[in-house]
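S.K.: Got a structure for you, written out below as structure tokens; questions coming shortly.
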Amino acid sequence: MFNSNFNVVGLLGMIAVPILAVRLLLRRPSSADSLKFLGLLPMYVWMAIVLPRPHKEERFLFPIYPMLCFGAAVTVDEVLTVMSRLFARNRMENQGSESNSVLMSRMLAVAPLAIISISRSLALHNHYTAPLALYQNLFQHIINSPQPANGGMHYVCTGGEWYRFPSSFFLPNNTQLSFLKSCHFLAREWLRFG
């Protein structure tokens, strides 16, 4: 259901309501706990509508992305609260070192999630910037090539990859962005007028 865009965040967001339900059963709920619970319930309603459909894509989950992020934050907060309560017994005996151990445990709990997210961002930057690098090299190639005859223009044809072109502002002054109609369109026109 979730691709790597939401890696662990999607899973943490989905388990937020069960974690809150257990917490609400174990102790008296506060108004903030009830608001968290009510704020996350629409996410489950949306998933109940979308997930049974035979054709589903992650883009159908776009309306609940904020709730997934909020649910992940609630889950991490609850886990860190439980961890700090586990260290609370020793906190009375040795105040200074125990606060450091609580801080370190929280950092160790969040560090793998941060590393996964940062590595995903770096991978996207490294592996999906090829069109930008291509047009940067094209810019240098056009500048170093001789001028067309009679003061003409250089034409850059992107074909079916027109949507990958960042902006015509990246082209030199004597260059124009051009398009060709697809082969499918040309074949249809040839059959029609053939």
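What follows is calculated from the coordinates using simple rules that are stated; it is not laboratory data. Since the model is a prediction, treat every value here as computed from it, not as a measurement.
S.K.: If Rh is defined by the Kirkwood formula over all Cα pairs and Rg also comes from Cα, what ratio Rg/Rh do you get for region 30-88? Write down the numbers at each step before the final one.
M.R.: Numbers: Rg = 14.8 Å, Rh = 13.2 Å.
In region 30-88, Rg relative to Rh is 1.12.
S.K.: For HIS154, which sequence-distant residues (separation of 5 or more, or a different chain) have an amide H within less than 5 Å of its own amide H, given hydrogens modelled in the peptide plane?
M.R.: Answer set, sorted by chain and number: THR175, GLN176.
S.K.: What are the residues whose amide H is under 5 Å from the amide H of PHE165, where those residues sit 5 or more places off or on another chain and H is modelled from the backbone?
M.R.: Under 5 Å from the amide H of PHE165 lies no amide H from a residue far enough along the sequence or on another chain.
S.K.: Through the Karplus equation 6.51 cos²θ - 1.76 cosθ + 1.60, θ set to phi - 60°, convert the phi angles of region 116-129 into ³J(HN,Hα) values in whole Hz; use x for Gly and Pro.
M.R.: Each residue of region 116-129 in turn: 4, 5, 5, 5, 5, 5, 5, 5, 4, 5, 6, 9, 10, 9 Hz.
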